[in-house]
1. Is it the case that some residue within region 155-162 is surrounded by fewer than 18 Cβ atoms within 10 Å (Cβ to Cβ), farther than 30 Å from ASP6 by Cα, modelled with pLDDT of 95 or more and of a type in the set (Lys, Arg)?
2. Among the listed residues TYR120, TYR82, TYR142, which satisfies the condition of being within 15 Å of the chain's Cα centre (by Cα) and either at pLDDT below 95 or open to solvent by 40 Å² or more (accessible area, probe 1.4 Å) (or both)?
3. I'd like the full set of residues that are of a type in the set (A, V, I, L, M) and either open to solvent by less than 30 Å² (accessible area, probe 1.4 Å) or more than 12 Å from GLN41 (Cα to Cα) (or both), limited to region 123-139.
4. Looking at (1) farther than 22 Å from LYS146 by Cβ; (2) at pLDDT 80 or above; (3) basic (Lys, Arg), which is the one condition that is false for LYS93?
5. Looking only at region 16-25, filter to residues that are under 12 Å from TYR61 (Cβ atoms) and in a helix (DSSP H, G or I); which one of those is most open to solvent (accessible area, probe 1.4 Å)?
6. Need the failing condition index for ILE58 against (1) over 22 Å from LEU126 (Cα atoms); (2) modelled with pLDDT under 95; (3) part of a helix (DSSP H, G or I); (4) of a type in the set (A, V, I, L, M, F, W, C), just the number.
7. Mind checking which residues of region 51-75 are touching a helix residue (DSSP H, G or I) at 6+ places or on another chain (Cβ under 8 Å) and open to solvent by 20 Å² or more (accessible area, probe 1.4 Å)?
8. Being among the aliphatic types (A, V, I, L, M), open to solvent by less than 50 Å² (accessible area, probe 1.4 Å) and not in a helix (DSSP H, G or I) is the requirement here; does LEU169 meet it?
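The values are calculated or read from the model by the stated rules, or taken from the named source; none is laboratory data. All values reported here derive from a predicted model rather than from experimental measurement. Here the Cβ positions follow ideal geometry from the backbone for every residue, glycine too, while neighbour counts run over all protein chains shown. Note: areas computed on protein heavy atoms with side chains; ligands, DNA, RNA excluded. Shrake-Rupley method; radii C 1.70, N 1.55, O 1.52, S 1.80 Å.
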Amino acid sequence: PVKPLDDISLVTQVAVFRNKRAFDKLVLKYQEGVRRFFLNQTLGNELLAGDLAQETFIKAYTHIAHFKGLSNFSTWLYKIAYNVYYDHVRSPKNAAHFDVTELKTHATTGGDGTLKLDLYEAFQTLNDKERTCITLQLVEGYAIDKIATIMELPAGTVKSHLSRGKEKLSTYLKNNGYDQ
């Protein structure tokens, strides 16, 4: 596994020398997680998730000199992703609501496809901040302090969003035939 020190080395090469190969290594390392973050935020809209991920990496590349190393590169990158998503949602030309019923026509049938769709439907019961906290903790594995940094919220607020979000997910899944 790549260590944070390796990230710092790659970031330095990009910031100082505009080394695109070094940035490509960072993209390869983080693109799957960033796309997964956006898939959860957009309730499975793969096209939009890909567009938002691409925008995130473009912003990261163009602003990499602003990375000060005060947190892990991944935390800084997810903060950009978080802001890209909320800029998209706040834009008047974009609807803040993602319709899961549209996704049903594209969903695969059978085990995994059905479960993914159910999870996106469950995620629809969450507000944006709850969904972001749940995605960052349960899907991406971030600790509460890192989520607080990414979202610029107090840790207690993140804990509240997580608690409410987990309760809503649990209720939804129980009401839809999933036993714990």
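1. There is at least one residue in region 155-162 that is surrounded by fewer than 18 Cβ atoms within 10 Å (Cβ to Cβ), farther than 30 Å from ASP6 by Cα, modelled with pLDDT of 95 or more and of a type in the set (Lys, Arg).
2. TYR120
3. Scanning region 123-139 gives LEU126, ILE134, LEU136, LEU138.
4. Looking at each condition in turn, LYS93 falls short on (2).
5. Residue satisfying both the conditions and the ranking: LYS20.
6. With (1) over 22 Å from LEU126 (Cα atoms); (2) modelled with pLDDT under 95; (3) part of a helix (DSSP H, G or I); (4) of a type in the set (A, V, I, L, M, F, W, C) applied to ILE58, the lone miss is (2).
7. Once the filter is applied, which keeps residues that are touching a helix residue (DSSP H, G or I) at 6+ places or on another chain (Cβ under 8 Å) and open to solvent by 20 Å² or more (accessible area, probe 1.4 Å), region 51-75 yields GLU55, PHE57, LYS59, TYR61, HIS63, ALA65, PHE67, GLY69, SER71, ASN72.
8. So LEU169 does not fit the description; no.
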